[in-house]
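For reference, the structure discussed in these notes is given below.
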Amino acid sequence: MPTSDDEQLPPGLALAWGLPVKTGRLGRKPSQSVEGIVEAAVALADADGFAALSMPNIAKRVGLTANAIYRYVSSRDELLVLVAETAWGPAPDLETGTDQWRAAAATWTRAMIERCEAHPWLPDLPIRGAPATPNLLRWTEVLLEALTGAGLSTAESLGCALLLDGYARRIASARRDVRNSSAAPVQSAAVARFLQPLLHEHGYPILASMMTNNEYDDDIGDDDVDFGLTRILDGIEVLIARRTQGRQPRHTDE
C-alpha cells in the first residue's frame, strides 16, 4: 500500500487519498476533524467567495484558534487541495462508445459549468499541475475514456479535455462576474444610450445595429454556451474523422 512518507509530495495529496500523515496534533482528543474543517471551508467560500478562505477565517468558523487549526491541516495550500477535491465532487456518468463521445463531452462540460455555479469560487482556485486527487482524476478519466473510445490518441484526448475544461471555467467565471455586478442592468442601459450615437458617428455600424436590436449585451445565456461548445465539438469531430480515416485499410483494384 502506498505511504505518505515522501516529503516531495504536494500538500494535501496524501490526505485526499485517505492516507495517514504526520500532523501537529497534540495528545488531547481533537475537537474537530479534517473533513469537518474542509466542509466549513467550502461553506465559507460559498458564502463569501474565494478571498474569504484564510486560515484564521476558517478556524473561527469551526471554533478553533488560529494556531489550533494547524493540528488538522499543515497549511492553506493543503487545505485548498482538500477543498477543491470536495467541491468538485464525483465526476458525471458518461455514455461511452464510438458514437457517444459528443454527447459525453457535452455532458461533461455542462457538468463542470453547473458545479462552478454551485460553488462560484471554484474557477478562482489556483491550478498547480495536472489533477492528482481522486475526484479530479475521475473527472479526467471519464472524459478520456469517451474520447479515446472515439478513436483519438491519449495525447489528443488530453488536449481536447484541456480545451473543454478551459471553456467551462471561462464561461462559469464570466457568468458569475456578470451576476455579481448588481449595477450591471442599469449601467448597461446607460452605456447603450451613450454609445449608440457615437457608434454611428465613428464608424461602428455592425455594433450599432446590434445594440439597437438588443443583440449586444452582457448576458451569457444557455444559447451562448451551446454555440461555443458546439464549435469546439465540431472541431474535435473533424479530428476524430481524420484519425478514423487514416486507420482505414487501403483497397487496391484487382
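Tabulated data for the structure shown
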{"item": "Qualifying positions in segment 54-110 - more than 19 Å from residue 126 (Cβ to Cβ) and basic (Lys, Arg)", "result": "60, 61, 71, 102, 110"}
{"item": "Of the criteria (1) in a helix (DSSP H, G or I); (2) open to solvent by less than 20 Å² (accessible area, probe 1.4 Å); (3) within 24 Å of residue 241 (Cβ to Cβ), which one residue 82 fails", "result": "(3)"}
{"item": "In segment 19-51, the residues that are more than 17 Å from residue 67 (Cα to Cα), out of contact with any Leu (no Cβ under 9 Å at 6 or more places or on another chain) and at pLDDT below 90", "result": "20"}
{"item": "Criterion: modelled with pLDDT of 95 or more and either over 30 Å from residue 151 (Cα atoms) or surrounded by fewer than 18 Cβ atoms within 10 Å (Cβ to Cβ) (or both) - qualifying residue of 74, 54", "result": "54"}
{"item": "So residue 234, is it among the acidic types (Asp, Glu) and outside any helix (DSSP H, G or I)", "result": "no"}
{"item": "Subset of segment 31-50 [without any contact (Cβ under 8 Å) to a residue 40 or more places away in the chain, closer than 25 Å to residue 114 by Cβ and surrounded by fewer than 17 Cβ atoms within 10 Å (Cβ to Cβ)]", "result": "35, 43, 47, 48"}
{"item": "Tally of residues being without any contact (Cβ under 8 Å) to a residue 60 or more places away in the chain, farther than 22 Å from residue 45 by Cα, in a helix (DSSP H, G or I) and open to solvent by less than 30 Å² (accessible area, probe 1.4 Å) across segment 85-113", "result": "2"}
{"item": "When residues of segment 57-71 are limited to those that are within 20 Å of residue 13 (Cβ to Cβ) and surrounded by fewer than 20 Cβ atoms within 10 Å (Cβ to Cβ), the one farthest from the chain's Cα centre (by Cα)", "result": "71"}
{"item": "Filter result for residue 116 (open to solvent by less than 60 Å² (accessible area, probe 1.4 Å), part of a helix (DSSP H, G or I) and either closer than 28 Å to residue 243 by Cβ or of a type in the set (Ser, Thr, Tyr) (or both))", "result": "no"}
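So that you can scan it fast, the table gives a plain yes or no per residue for (1) under 13 Å from the mean Cα position of the chain (by Cα); (2) of a type in the set (Phe, Trp, Tyr); (3) within 23 Å of residue 9 (Cα to Cα); (4) modelled with pLDDT of 95 or more:
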| position | (1), (2), (3), (4) |
| --- | --- |
| 79 | no, no, yes, yes |
| 89 | yes, no, yes, yes |
| 97 | no, no, no, no |
| 101 | no, yes, no, yes |
| 131 | yes, no, yes, no |
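The values are calculated or read from the model by the stated rules, or taken from the named source; none is laboratory data. Keep in mind the model is a prediction, meaning the values are calculated, not measured. Every residue, glycine as well, gets a Cβ built from its backbone with ideal geometry; the counts of neighbours run over all protein chains shown. Areas reflect the complete protein model, heavy atoms only, side chains present, ligands, DNA and RNA absent. Shrake-Rupley method; radii C 1.70, N 1.55, O 1.52, S 1.80 Å.
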